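Only one structure is covered here, and it is reproduced in the block below.
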Amino acid sequence: AAAAGGADGDDVLDFASMNISELFGFNAKYKIPEVVNGRAAMLGAVFALFGKFGGHSVAEQVFSAGGFFNMLLIMGFTTAATLAPFALGKTTLRGAIPDENASYPDEKLPTLWTSSAEAVNGKVAMVVFALALITGN
């Protein structure tokens with residue numbers, strides 16, 4: 001079976017024995033969709049803010065001719081950037097998709113740059129982006 005893992009080998013995956021819901025489901029171990037969507041929403045919120053400075057609503061930006069393509073481009077690049085370290089064998093999948101409930105005692109900035117802070121910020125960005133689309137602002 002094709003196995004893939006990172007340098008520390010503690011998170012070796014056997015893709016042949018896994019089904020798709022174990023990687024991409026709502027209760028999946030790795031929460032890939034949640035992490036990728038959160039990261040893309042954070043980027044999208046920043047780009048939307050720049051567009052607002054130009055006088056365009058978020059809905060106008062997303063539903064314009066190039067807006068939907070740009071949204072897909074951001075999602076593709078975010079997915080690739082999230083999974084690239086694992087795909088290149090530089091880290092485990094757990095290293096690329098950190099567990100928001102894990103503790104990291106040697107963390108240099110334990111209260112600011114953690115996986116739980118990223119998860120919260122990503123969820124907030126998704127809600128804000130959705131509300132901006134709904135309200136047209």
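Between Leu43 and Lys90, the modelled labels are 1.5 nm apart [label points 7 Å from Cα along Cα→Cβ]. For segment 58-106, what class follows from the C-alpha gyration tensor (a ≥ b ≥ c being the square roots of its eigenvalues): rounded when a/c is under 1.5, otherwise prolate if a/b is larger than b/c, else oblate? Oblate, since a/c reaches 1.5 and b/c is not below a/b.
Say R0 is 22 Å: what FRET efficiency, to the nearest 0.05, do Val120 and Ile74 get from their beta-carbon distance? Approximately 0.60, to the nearest 0.05.
Laboratory data are not the source of any read-out in this text; all were calculated from the coordinates shown. Only a predicted model underlies this, so the values are computations on that prediction, with no experimental measurement involved. Neighbour counts are summed over all protein chains in view; Cβ atoms, including those assigned to glycine, are modelled from backbone coordinates with ideal geometry.
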